[in-house]
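One structure below.
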Amino acid sequence: MKPSQRRREELAAFLKDRRARADRSSHGLPEIGRSRVRGLRREEVATLAGVSVTWYTWLEQARDINPSRQVLQSLARLFRLTSVESSYLFSLAGHGELEPIGNGGMTPALQRLLDALQFPAFLLSADWTILGWNTAYEELYPRVASLEREDRNLLWLVFTDAQLREMLPDWEVQSRGFVGSFRAETRGWLSPSGESGIVARVSAASAEFAAIWNERDVAGFQTGERVFRHPTKGLTRYEQHNLTPTEATDLTLLMYTPR
């Protein structure tokens, strides 16, 4: 499947999901019969957004049409989207960068940067493969050094590695946050290899991930506290920070600074 069609289908699915979540009462609309359905009908969305029913239907059918920024803004307001969800919507519709520009690989300079940090830090590729890490991160998560490259993916490990799950006291909350952040980045899984890539692999291995992924929640990264069960230090608290190297904007540097 071509990437453009992949994006149109995700746009259609995302709109359907947010339409189903919409609160009818907030738009002054009555309940639908006795079902107490909260969502909106396509006709109601079209009227409230100021577009034709046919045109909006085509959007939900993944037709090859090009919605304007004005129309997307109307839909974002109608569905009460957050800023992260709105950005995601715009990207899917072709009004934003889906693929960051960069060389996509580890460099000696980046490894030296990791090694200079005294707190846990590691580097992720666009599809969340862990490309490099420092000694402090290996002390926190010893298995990282022995994993094969194809298994050294953060999304894969969060849902398949029992040791990593045990390290996270709030795994249920953190795992959902990981999925929302991965979707928001709209990078690896929307690439030409996305269908057979990491999302398909984790979905096949973890019913928990598949269920969360199909909820289509989108969450942007926010600096906040992360709690781990450290192998030697016990319960430890960090503050997570994410940075993007200017020489490789498709990579992400994650750092856990002590609290």
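The values are calculated or read from the model by the stated rules, or taken from the named source; none is laboratory data. Predicted, not measured: the structure shown is a model, and the values here were computed from it. Using ideal geometry, Cβ is built from the backbone for each residue, glycine included, and neighbour counts are taken over all protein chains shown.
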Which helices (runs of 4 or more DSSP H) sit wholly inside region 1-88 and have at least 3 residues that are of a type outside the set (Gly, Ala, Ser) and within 23 Å of the chain's Cα centre (by Cα)?
-> 3-21, 69-78
Picked from region 242-259 (must be surrounded by fewer than 19 Cβ atoms within 10 Å (Cβ to Cβ) and not in a strand (DSSP E or B)), the residue farthest from the chain's Cα centre (by Cα) is 259
Inter-residue pairs, beta-carbon under 6 Å, first under 18 Å from residue 108 (Cβ atoms) and in region 130-156, second modelled with pLDDT of 95 or more and polar (S, T, N, Q), 6+ apart = 132/111
Tell me, yes or no, whether region 221-233 has at least one residue that is within 27 Å of residue 21 (Cβ to Cβ) and assigned to a helix (DSSP H, G or I).
-> no
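Residues checked against (1) surrounded by 11 or more Cβ atoms within 10 Å (Cβ to Cβ); (2) touching a residue at least 60 places away in the same chain (Cβ under 8 Å); (3) out of contact with any Lys or Arg (no Cβ under 7 Å at 6 or more places or on another chain); (4) of a type outside the set (Asp, Glu):
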site: 9; (1), (2), (3), (4): yes, no, yes, no
site: 12; (1), (2), (3), (4): yes, no, yes, yes
site: 19; (1), (2), (3), (4): yes, yes, yes, yes
site: 45; (1), (2), (3), (4): yes, no, no, yes
site: 62; (1), (2), (3), (4): yes, no, no, yes
Quick check: anything in region 193-206 out of contact with any helix residue (DSSP H, G or I) (no Cβ under 6 Å at 6 or more places or on another chain), among the basic types (Lys, Arg) and not in a helix (DSSP H, G or I)?
-> no
Of the residues 164, 168, 147, which is in the same structural domain as residue 216 (by TED's automatic domain parsing) and more than 20 Å from the chain's Cα centre (by Cα)?
-> 147
Per-region count, region 64-81, residues surrounded by fewer than 17 Cβ atoms within 10 Å (Cβ to Cβ) and either touching an Asp or Glu at 6+ places or on another chain (Cβ under 9 Å) or outside the structural domain of residue 25 (by TED's automatic domain parsing) (or both) | 1
